[in-house]
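**Student:** Supplied in C-alpha cells, the structure appears directly below.
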Amino acid sequence: MSSEPPPGSGQQPPEDDPFRKQPPPEQGSGSPYGAPHGGAQPPPYGGDPYGGGSYPSDPLADSGRRTLARIIDMILVGVVVWLLTWGFGVSEYDVDADEVEYGKSFAQSAVAAVLYIAYDTFMMAKTGQTLGKKWLKMRVANLDNGSTPSVQTMLVRSLVLWIPFAFCCACIWTAISGGVSYFDKPYKQGLHDKAAKTVVVTA
C-alpha cells in the first residue's frame, strides 16, 4: 500500500518533489547593477558618474573635434605668449663661449607653461569649457558625477598636459596625451583625463 498522503489531505509535498512550486526569481538578479545580461559595465571610479540611468547622459565628445578644439586653444594662447615675450623684450643670455642661448628659450617656455595652465585651469573650472571647446560645443566633466571639475582637478589635468609641452616634448607630447583618446575605451580619455579622472562630453 502507498504511504503517500491522499489528495486534499493538507500535508505539504516533500522537498525533493519535482512538481513542488518554486518561488519566482527575484527581479534584477541577473546583474548586481540592475542591468540586463550583456549590458554596459559600471564606470570604474565608483558608480554611475551621472547619477543614475545609462552612462553618460551627455554623449562622449568625438576625438577629432577635441583635437580641433585643442588646436584653436593652442593658437589663441600661443599668440598671447608671443606678444608677451616680444613686448617685454625677453633677452638672450650667452652662457658659454659657444653662445648657447638658453635664457630666451627657458623664459618663453616658462611664459607658455604659465599661460596655458592658467587658461585651461580657470576657464574649465568655471564652465568646463575653453574657447575652443565652447565653440565646438564640448565640455570637461568629472567622471564620477558629471559635474564641472574643481580648480584642483583642472590644475592636475593642465599640469599633466602643459608642463611636458612647454619644457620638453612640445607638440609630440600633446599628440601622445590627446591621441590616446582615439583608442581609449570606454571613455575616450587622454592621459591628462586619466590623471584628473575627467571625461569630455558634448555640451
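**Student:** Rank these by accessible area, largest first, 1.4 Å probe: 83, 131.
**Tutor:** Ranking 83, 131 by accessible area, largest first, yields 83, 131.
**Student:** Taking 7 Å along the Cα-to-C-beta vector as the label spot, tell me the residue 114-residue 172 distance in nanometres, rounded to one decimal.
**Tutor:** Between residue 114 and residue 172, the simple spin-label model gives 2.7 nm.
**Student:** Work out how much length residue 122 to residue 57 would gain on full extension: take 0.36 nm times their residue separation and subtract the Cα-Cα distance, in nm to one decimal.
**Tutor:** Separation in residues times 0.36 nm, less the Cα-Cα distance, equals 20.9 nm.
**Student:** Let me ask something else about it. As a quick test, which of the pairs 126/185; 137/188; 126/188 have an alpha carbon distance above 20 angstrom in this structure?
**Tutor:** 126/185; 126/188
**Student:** Largest first, how would 86, 135 line up by accessible area (1.4 Å probe)? Don't jump to the answer; show the numbers that get you there.
**Tutor:** Details: 86 175, 135 150 Å².
The most accessible residue leads, giving 86, 135.
The values are calculated or read from the model by the stated rules, or taken from the named source; none is laboratory data. As the structure is a prediction and not an experimental result, all values here were calculated from the model. Every residue, glycine as well, gets a Cβ built from its backbone with ideal geometry; the counts of neighbours run over all protein chains shown. We work out accessible area using only protein heavy atoms, side chains counted, and drop any ligands, DNA or RNA first. Shrake-Rupley method; radii C 1.70, N 1.55, O 1.52, S 1.80 Å.
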